[in-house]
There are 2 protein chains.
Amino acid sequence: MRKTTSTNYENEQTLHEFCSAAFTLSVISGRWKLTILVKLMERELRYGELKHAIPGITERVLALQLKALEEDQLLLKISDDTSGHLPMYSLSPLGRSLEPVIRSLSAWGTTHQPIQNCR
Amino acid sequence: MRKTTSTNYENEQTLHEFCSAAFTLSVISGRWKLTILVKLMERELRYGELKHAIPGITERVLALQLKALEEDQLLLKISDDTSGHLPMYSLSPLGRSLEPVIRSLSAWGTTHQPIQNCR
DNA sequence: AGCGACACTTACAAAATTGTAAGCAAATGA
DNA sequence: TCATTTGCTTACAATTTTGTAAGTGTCGCT
C-alpha cells in the first residue's frame, strides 16, 4: 500500500495538479494494466479467463491490478448474487473512454518501436 | 540499473512484443518524465532551467530522467564544445512525435480528473 | 461427505524507483 | 586568480512495485 506521508506521494499529487497527462498516466501505468484493459475492450471476462488470456501474469498481481483499476473506476466487477455467482469484469464507461488514449499509445508504439510486432 | 535476468524484465519485454501501447508507456513513465517533455515542448532548456521550472524535482532524479529520455532518443543534449559550452536539452524529432500522444493523455486527464486544474 | 475448480488472499522476498545529502570538476565572473 | 555558479555524480536509504509460493473459502459435482 502507498504511504500518504512520503515525499514520493506528495510529489505525485502535486504533479497531478500541474499536469493532467501525469494523472492519466498514473491510472494506466502498472506492468499489466494496459493489457488487461485491451483484453476487456474486446469483451468482458472472468478472473480465470483473464489469467489464461495474459500469459505470465500471476494470480496475486492480476488481483492487485484488477483492484487498482476498479478503484480508479475503470472497470466494473459484476458479481450477480441472485443468479449463483461468477464475477465478471467489464470496462466501465470511464474505462471505455480510455480507448482513444490507448489507441494513441499503440499507434506511436507500432510506428516507433525498434522491432515491431502485432497490435 | 535494470537486471536483465529478472522475471520482471522478461515480462516487460514480452509485453512490449504483444502490446505496443505498453512499449510507449515504458518510455514515458517515470515520475517526472512527462513534465520534462512538456517543458521542453515549449522551448529548449538548460539543466538549471529545468530544475527551476519543475519544483520539487531533485538534481539526482532530474539527471536520471534526462539520461533515460536521452537513451530513448526522445531528447537531444546539445553541448556545443566549440563555443565554450552550456549544454542544452531539446526535444528530438522522435520526442516531438510524442506530442499528440501527450495531448491525448492531457485531454483525458482534464476531462476525468476528480479536481481539475491547469494544463 | 469428499473432491476439485475457481477466485481470490496472505506472508514473504526480490527488484526497481525515488528521495536525501553530500561531493566534485569545469566554467564562469569579479 | 579565486570564489561562485552550473551541471552533474556518488553513497546511501526509504518507498514502491513486482514476483514466489502457499493457503483459504465458496461452489458445484459425485
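A compact table of results
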| quantity | calculated |
| --- | --- |
| Matching residues in the range B:1-49 - criterion: being in contact with an Asp or Glu (Cβ under 7 Å, 6 or more places away or on another chain) and either more than 10 Å from chain A (Cβ to nearest Cβ) or away from DNA strand C (no atom under 13 Å from the Cβ) (or both) | B:MET41 |
| Filtered residues of the range A:62-74 (kept if in a helix (DSSP H, G or I) and either more than 9 Å from DNA strand C (Cβ to nearest atom) or under 11 Å from the mean Cα position of the chain (by Cα) (or both)) | A:LEU62, A:LEU64, A:GLN65, A:LEU66, A:LYS67, A:ALA68, A:LEU69, A:GLU70, A:GLU71 |
| Complete set of residues in the range A:13-29 that are in a helix (DSSP H, G or I) and within 22 Å of A:LEU105 (Cα to Cα) | A:LEU15, A:HIS16, A:PHE18, A:SER20, A:ALA21, A:ALA22, A:PHE23, A:THR24, A:LEU25, A:SER26, A:VAL27, A:ILE28 |
| Answer residue from the range A:44-61, given it is surrounded by 13 or more Cβ atoms within 10 Å (Cβ to Cβ) and outside any loop (DSSP other than H, G, I, E, B) and is nearest to DNA strand D (Cβ to nearest atom) among those | A:VAL61 |
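Per-residue answers, yes or no, for (1) more than 12 Å from DNA strand D (Cβ to nearest atom); (2) buried (at least 17 other Cβ atoms within 10 Å of the Cβ); (3) modelled with pLDDT under 95:
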residue	(1), (2), (3)
B:GLN13	no, no, no
B:ILE28	yes, yes, no
B:LYS33	yes, yes, no
B:ALA63	no, no, no
B:GLU70	no, no, no
B:HIS85	no, no, yes
B:TYR89	no, yes, no
B:ILE102	yes, yes, no
B:LEU105	yes, yes, no
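The values are calculated or read from the model by the stated rules, or taken from the named source; none is laboratory data. These numbers were taken from a predicted model, which means no experiment stands behind them. Neighbour counts run over all protein chains shown; Cβ positions are idealised from the backbone, glycine included.
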